[in-house]
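Trainee: The structure under discussion is supplied below as structure tokens; questions concerning it will follow.
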Amino acid sequence: MDDQLMTERLVDAQDIKITARGVQVYYGEKHALKDVDVDILTNTVTAFIGPSGCGKSTFLRCLNRMNDTVAIARVEGDIRIDGEDIYDSRVDPVQLRAKVGMVFQKPNPFPKSIYDNVAYGPKIHGLARTKADLDGIVEESLRKAALWNEVKDRLKESGTGLSGGQQQRLCIARAIATGPEVLLMDEPCSALDPIATAQVEELIDELREKFSVVIVTHSMQQAARVSQKTAFFHLGNLVEYGNTSKIFTNPDDPRTESYITGRIG
Amino acid sequence: MTVTVLILLLLALGAVGFFLGRARAMAASQGDMRRLHSLPNFYGWHGAIMAFLPALFFLTLWSIAQPLLIERQLAGFFPAEQFENETDRILLMADVRRVAQGIDSAVVAGALTPDQAIALNIADDDVRARLAEVGVALGSAVTAEVLQAAQSYRELASTGGLFRSIFTILIALGCLAYAIKITQADFRARNRVEAVALGMLMLASTIAILTTVGIILSMLSETIRFSTMYPFADFLFGLTWAPTFQGNSQLGLLPLLWGTFYISFVAMVVAVPTGIFTAIYLAEYASPRVRSVVKPLIEVIAGIPTVVFGLFALVTVGPFLREWIAEPTGLGTSGSSVMTAGIVIGILQVPFISSLTDDIMNAVPQSLRDGSYGLGATKSETVRQVILPAALPGIVGAILLAASRAIGETMIVTMGAGASAKLDLNPFEAMTTITVKIVSQLTGDLEFNSPETLVAFALGITLFVITLGLNVFALWVVRRYREQYE
Amino acid sequence: MTDAAAANPPQNPAKPSSSLLKQTDRMKQRNAAEARFKYYGIVAICVSLSVLFIMLWTIFSDGLSAFRQATFSFTVTLDAERLDPDGNRQRDEMMRVTTIGYTGLLNDNLIAYLGERGISTEGVTDKEIAAFISRDTPARLRHMVIADPSLLGQTIRFEGYATGRIDGYLKGRVTREIALLDVNISVAQLDLADRMVDDGLLSLKFNWGFLTNPDASDQRPEASGLGVAMIGSAYMMLLVAIMVLPLGVSASIYLEEFAPKNRWTDLIEVNISNLAAVPSIVYGILGLAIFINFAQFPQSSPLVGALVLTLMTLPTIIIATRAAIRAVPPSIRDAAMGVGASKMQVVFHHVLPLAAPGILTGTILGLASALGETAPLLLIGMVAFVANYPAGPFDGGILDPATALPVQVYSWASRADPAFIERSAGAIIVLLAFLLIMNILAIVLRRRFERRW
């Protein structure tokens, strides 16, 4: 059903980065995600919206196999990045996650210095040969995360000492530093105040130039503001997927319409 | 009347008080319980408490005061200089008491009639032999003064006992009568009973304080006595530990301290990596099924009495180390050694460290793990670079607590470390610790006026100070760590 | 592999992606490190568990044999002439025949029995045959005869212990090589022992005496038993339970429900957590100074032991009890307060019954640790040699000298004769059995009454 929708409005590029087909997720006995098909494009912000417990975060966590860390979770179906099945037995989830970075709902800086927070990923993945390389990566990532000017004089201070919005941008910088191709964001603004939210949203729009960004959000306004593509999840089903403007103005499915107009949620 | 009988009597009076108080309240209510301020049982309890507690309090006071008063009375029997020295006086009084008790038990056993007992005198009777017949062994022959004092003691004690019984019973009856008198319908029995109950609860909670005070006072007073007999600086900084029976002992603390710390160090070298890796595996790697089997098994180690580990050190680990390591390498010929005790103590501390570390690692928020995995870190990288640094203060606290337990461990070192106090680096030599020497100085026949015995109290207070310092510091570190994530 | 690593260009974030299906060399290294790390954990667990199993295995292999004892079973003619020379069957007169008289009688009977059964005593003197019989055995026969004078003149079947060396030989502890070096036993005696075993005269029998006998001196390991130690431990556990439960529960209730938050309660709290970590031997010093020197309670008595153990376990029990009380949800307190109960009634009618299983579990575990505690008991004299049973609990038995199970383990382990090591390990088995029972009881209680609020 989404094929014809996808051709409707062109965004910057149309390369498909991730394809998901028939994805099912079970938490123990619970069937959390039912038969989801989605294509995620490069250099695009894709928003997943839907009421709580609809499976949007679950699906997001499938894309970098974070569900592997939950003992009772079981994932079926086919998810490919650049045509490679990420659930293939040869794929190391660790290597996958370097490629598909993630930012979490609550800012979770490590109890280390700001510098070490950002340098953590490059260090474990061996991205820097020299100290200067590493310094470069850290600075570049902090700049991309629009945090450099605020923290450049106190890189040695603890990351937990920053404000909530700064912490979240630090987490984004940390995720960027490993050089991912896809950036997953699980309600990145839900713990932030409006000003910090605006900063992060602006940042997301900029990040689109380098990465494909997938964002889970509770806020429809946010989805409308930052995303080009939107997927609406309800009760574990993907109800509708298409261009954001289409979803918010003229949805095909009555459930989408009900949600957007505030009748279910 | 003995104290036991007296207490039983008081309990009986308490029961009487319960029924009288309750009956009185019921009568006052004229059959309608709603007129009463409190439930009828509270009036009963009030009666019981009034009959029992004041009398018991009096009895306790009397029992403490009586021996002191009698002792003062007996001073007249002895030359003044004998009574001035505290140690002599204690020994003398112990003699008097023992003779007096001996005569009493001779009377009970029927070996002496009460009249004969009173008529005993040194000239005609061999008191020691007479008492030995009824199973009372005396260390030395009884002197005339002691016998006289003992006779006087018996007399005073029996008069005192009589008055004690009379007054106790009178007080019980008096308070009971008063309780019955004030029992009216609007008497607030519940409030009073609850106040007493609260007082008792509070009293129980102060036992902890009393224990600490008792520990400190008992060790401190004997340590002060020790310091009058042996220069304290020599104790603290002496390099030789060589107690002898003839006197002139050298009682230097340092060799013992060295042995204690050396053995604890070996124990920690064994326990810290083993315990922490065990905790890491159980917390991060083990499947729930493996965890549910392995964790209790590890904790079994902590439930086994230390004397069992001591025997294990003595018969298995010691000979094993001697035959396979110490003798082939020429490092030593003794089964008891720093290594033997250290390794066994180390294993004993593993469950302690691992379960504390496990708790502490679980307190590290899941979001930090997610953050690390989300960046593509492996489990070991996450553990080493995120979880362990975050948990470090707590783990350090756990290690300090374990070290304090290793320092205070007694049975394993007594059975596995040996008894020779030396300052040596070779871990396959027998060495000894503070606890071992406390045991050896305080078992067997004791003379509480020689520095060789009293030094044990000085050792005890040293041990107490070291472990207390470690504990306070460790508990503080752990608590601060917990607050960080709460 | 190193070549490949060198040839690989450094990963650059800006570069297009590499395949996920191929592990990079760095990834291989990282996974190897991961595997190593996990392996360290497994090694750590294996080390501690294998030490535990080796320990239990050595204890059981050393100690199980303590429950069996080399025992003679042969016919003894109780010669009235020798045992009651006056012939009046008077107790007092018969008491005059000491164990030495009975020893001679037993020796003669054993030699006669050997002759009767045709067992060759080649190379063994009569004196050496006499040395087969434990010194405990004549004492037992004497006791039997004095208790029942009608046995005199009869021929009875009598069972008695062999000496420790023969016992050790039957259990494999004493070998012929050792016998060559040992002045107390010769190879010829061991050969004779073999023949006795073949005849059925001598055999390993289950030894109730190990559980019931009092301790015995260094020369008679075969006669020693755990009777006094078990009574002593039982008295102490009983007294500790009686003292620690009301004290611990009262203190916990006060601290958890009534105590105002002020400096004094803070002090008590800090105190309790520190007391829980004070080395147990310090409590021994406290007991010696306060209960024995100051209060003049008798040394080695279960009462003093129990007082010391009570003070020692009190902090841990208070900690467990407070946790149990805290686990009762506040809603229950609010509900009871709401219907007009006083605070005291709320605690005693509602909170305490609900917390009781938790309190009981904590108390049992506390008692179990007290049962295994040794060091403080050494200082209050419980390591002394006690050959008489203490009196009953209501006849002042708690003031009689006694020992305790773990102390008995220690005192046997420190004796010279290796036969006592077996006894020591055997005593541990008994101790562990009691601990196991207590722990199972605690687990059952917890499972049975576990509540989910």
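The values are calculated or read from the model by the stated rules, or taken from the named source; none is laboratory data. Being a predicted model, the structure only gives us computed values, none of them experimental. Backbone-built Cβ (ideal geometry, glycine too); neighbour counts: all protein chains shown.
Trainee: Where in region B:388-484 are there helices (runs of 4 or more DSSP H), lying fully within it, with 1 or more residues that are more than 19 Å from the chain's Cα centre (by Cα) and either of a type in the set (Lys, Arg) or within 12 Å of chain C (Cβ to nearest Cβ) (or both)?
Mentor: Result: B:388-408, B:411-416, B:451-484.
Trainee: Considering only residues that are away from chain C (no Cβ under 14 Å) and more than 30 Å from A:VAL70 (Cα to Cα), which ones fall in region B:264-297?
Mentor: Selection gives B:PHE265, B:VAL266, B:MET268.
Trainee: Follow-up. Just a yes or no: is a residue in region C:342-358 within 30 Å of C:ALA234 (Cα to Cα), in contact with a Leu (Cβ under 8 Å, 6 or more places away or on another chain) and part of a helix (DSSP H, G or I)?
Mentor: Looking through region C:342-358, at least one residue is within 30 Å of C:ALA234 (Cα to Cα), in contact with a Leu (Cβ under 8 Å, 6 or more places away or on another chain) and part of a helix (DSSP H, G or I).
Trainee: Now for a separate question. Condition first: within 7 Å of chain A (Cβ to nearest Cβ), under 19 Å from A:ASP186 (Cα atoms) and of a type in the set (Ser, Thr, Tyr). Now tell me which residues in region B:371-387 satisfy that.
Mentor: B:TYR373
Trainee: Something else now. One residue is enough: does region C:41-54 have a residue meeting the conditions more than 14 Å from chain B (Cβ to nearest Cβ) and either out of contact with any Asp or Glu (no Cβ under 6 Å at 6 or more places or on another chain) or surrounded by 15 or more Cβ atoms within 10 Å (Cβ to Cβ) (or both)?
Mentor: No; the residues of region C:41-54 include none that is more than 14 Å from chain B (Cβ to nearest Cβ) and either out of contact with any Asp or Glu (no Cβ under 6 Å at 6 or more places or on another chain) or surrounded by 15 or more Cβ atoms within 10 Å (Cβ to Cβ) (or both).
Trainee: Run C:VAL383 past the list (1) more than 10 Å from every other protein chain (Cβ to nearest Cβ); (2) closer than 30 Å to B:GLU447 by Cα; (3) surrounded by fewer than 24 Cβ atoms within 10 Å (Cβ to Cβ) and report the number of the one that doesn't hold.
Mentor: (1)
Trainee: Hey, could you check region C:412-421 for residues that are within 10 Å of chain B (Cβ to nearest Cβ) and over 14 Å from B:GLY416 (Cα atoms) and say which is surrounded by the fewest Cβ atoms within 10 Å (Cβ to Cβ)?
Mentor: Looking at residues that are within 10 Å of chain B (Cβ to nearest Cβ) and over 14 Å from B:GLY416 (Cα atoms), I get C:PRO418.
Trainee: Follow-up. Got a sec? Which of C:LEU441, C:LEU436 is over 12 Å from the mean Cα position of the chain (by Cα), farther than 23 Å from C:LEU378 by Cβ and not assigned by TED's automatic domain parsing to the domain that holds C:TYR169?
Mentor: Being over 12 Å from the mean Cα position of the chain (by Cα), farther than 23 Å from C:LEU378 by Cβ and not assigned by TED's automatic domain parsing to the domain that holds C:TYR169 holds for just one of C:LEU441, C:LEU436, which is C:LEU441.
Trainee: Still on this structure: Within region C:164-178, can you find the residues that are farther than 16 Å from C:SER61 by Cβ and basic (Lys, Arg)?
Mentor: C:ARG165, C:ARG176 - these are the residues of region C:164-178 that are farther than 16 Å from C:SER61 by Cβ and basic (Lys, Arg).
Trainee: Is it the case, given these coordinates, that C:VAL351 is more than 11 Å from chain B (Cβ to nearest Cβ) and either hydroxyl-bearing (Ser, Thr, Tyr) or touching an Asp or Glu at 6+ places or on another chain (Cβ under 9 Å) (or both)?
Mentor: When the stated conditions are applied, C:VAL351 passes them.
Trainee: Scan region C:214-243 for residues that are more than 20 Å from C:ALA368 (Cα to Cα) and either surrounded by fewer than 16 Cβ atoms within 10 Å (Cβ to Cβ) or over 15 Å from the mean Cα position of the chain (by Cα) (or both) and report the count.
Mentor: 8
Trainee: Quick check on this structure: which one of B:ILE166, B:ILE180 is in contact (Cβ under 8 Å) with a residue 40 or more places away in the chain and more than 12 Å from chain C (Cβ to nearest Cβ)?
Mentor: After applying the criteria, what remains is B:ILE180.
Trainee: Quick check, is B:SER205 closer than 22 Å to C:LEU288 by Cα and among the polar types (S, T, N, Q)?
Mentor: No.
Trainee: Then there is this: Among helices (runs of 4 or more DSSP H) lying entirely in region C:225-314, which contain 2 or more residues that are more than 7 Å from every other protein chain (Cβ to nearest Cβ) and free of Cβ contacts under 8 Å to residues at least 40 places away in the same chain?
Mentor: Result: C:227-253, C:263-275.
Trainee: How many of the residues in region A:123-141 are in contact with a Leu (Cβ under 6 Å, 6 or more places away or on another chain) and outside any loop (DSSP other than H, G, I, E, B)?
Mentor: Looking only at that region, the number is 0.
Trainee: Another one. Of the residues C:ILE146, C:ILE59, which is among the β-branched types (Val, Ile, Thr) and either in a loop (DSSP other than H, G, I, E, B) or more than 30 Å from B:PHE309 (Cα to Cα) (or both)?
Mentor: Result of the check over C:ILE146, C:ILE59: C:ILE146.
Trainee: Taking the condition assigned by TED's automatic domain parsing to the domain that holds B:SER450, small (Gly, Ala, Ser) and buried (at least 17 other Cβ atoms within 10 Å of the Cβ), does B:GLY214 pass?
Mentor: no
Trainee: I need the full set of residues from region A:54-77 which are without any contact (Cβ under 8 Å) to a residue 24 or more places away in the chain and either assigned to a loop (DSSP other than H, G, I, E, B) or at the interface with chain C (Cβ under 10 Å from one of its Cβ atoms) (or both), in order please.
Mentor: The one that is without any contact (Cβ under 8 Å) to a residue 24 or more places away in the chain and either assigned to a loop (DSSP other than H, G, I, E, B) or at the interface with chain C (Cβ under 10 Å from one of its Cβ atoms) (or both): A:ALA71.
Trainee: Can I ask one more? State all residues of region A:212-265 that are more than 12 Å from A:ILE49 (Cα to Cα), within 16 Å of the chain's Cα centre (by Cα) and not in a helix (DSSP H, G or I); if no residue qualifies, say none.
Mentor: A:SER212, A:VAL213, A:GLN228
Trainee: Just need a number here: residues in region B:289-310 that are assigned to a helix (DSSP H, G or I), buried (at least 21 other Cβ atoms within 10 Å of the Cβ) and under 24 Å from the mean Cα position of the chain (by Cα).
Mentor: 5
Trainee: Looking only at region A:137-175, which residues are closer than 19 Å to B:LEU368 by Cβ, within 19 Å of the chain's Cα centre (by Cα) and of a type outside the set (Gly, Ala, Ser)?
Mentor: Correct list: A:GLN166, A:GLN167, A:GLN168, A:ARG169, A:LEU170, A:CYS171, A:ILE172, A:ARG174.
Trainee: Continuing with this model, one more query. Answer yes or no as to whether C:ILE45 is under 39 Å from the mean Cα position of the chain (by Cα) and outside the structural domain of C:ALA139 (by TED's automatic domain parsing).
Mentor: It is true that C:ILE45 is under 39 Å from the mean Cα position of the chain (by Cα) and outside the structural domain of C:ALA139 (by TED's automatic domain parsing).
Trainee: Does region C:371-379 contain at least one residue that is away from chain B (no Cβ under 14 Å) and of a type in the set (Val, Ile, Thr)?
Mentor: Within region C:371-379, none of the residues are away from chain B (no Cβ under 14 Å) and of a type in the set (Val, Ile, Thr).
Trainee: Can you confirm whether C:PHE37 is in a helix (DSSP H, G or I) and closer than 22 Å to B:GLY318 by Cα?
Mentor: In short, no.
Trainee: Mind checking which pairs have a first residue in region A:78-107 that is within 19 Å of A:THR58 (Cα to Cα) and a second that is surrounded by fewer than 20 Cβ atoms within 10 Å (Cβ to Cβ) and of a type in the set (Phe, Trp, Tyr), Cβ under 8 Å, 6 or more apart or different chains?
Mentor: Close Cβ pairs (under 8 Å, with a partner that is surrounded by fewer than 20 Cβ atoms within 10 Å (Cβ to Cβ) and of a type in the set (Phe, Trp, Tyr)) amount to A:ASP78/A:TYR87; A:ILE79/A:TYR87.
Trainee: Quick one: is B:VAL266 within 32 Å of the chain's Cα centre (by Cα), assigned to a helix (DSSP H, G or I) and more than 22 Å from B:LEU442 (Cα to Cα)?
Mentor: Answer is yes for this residue.
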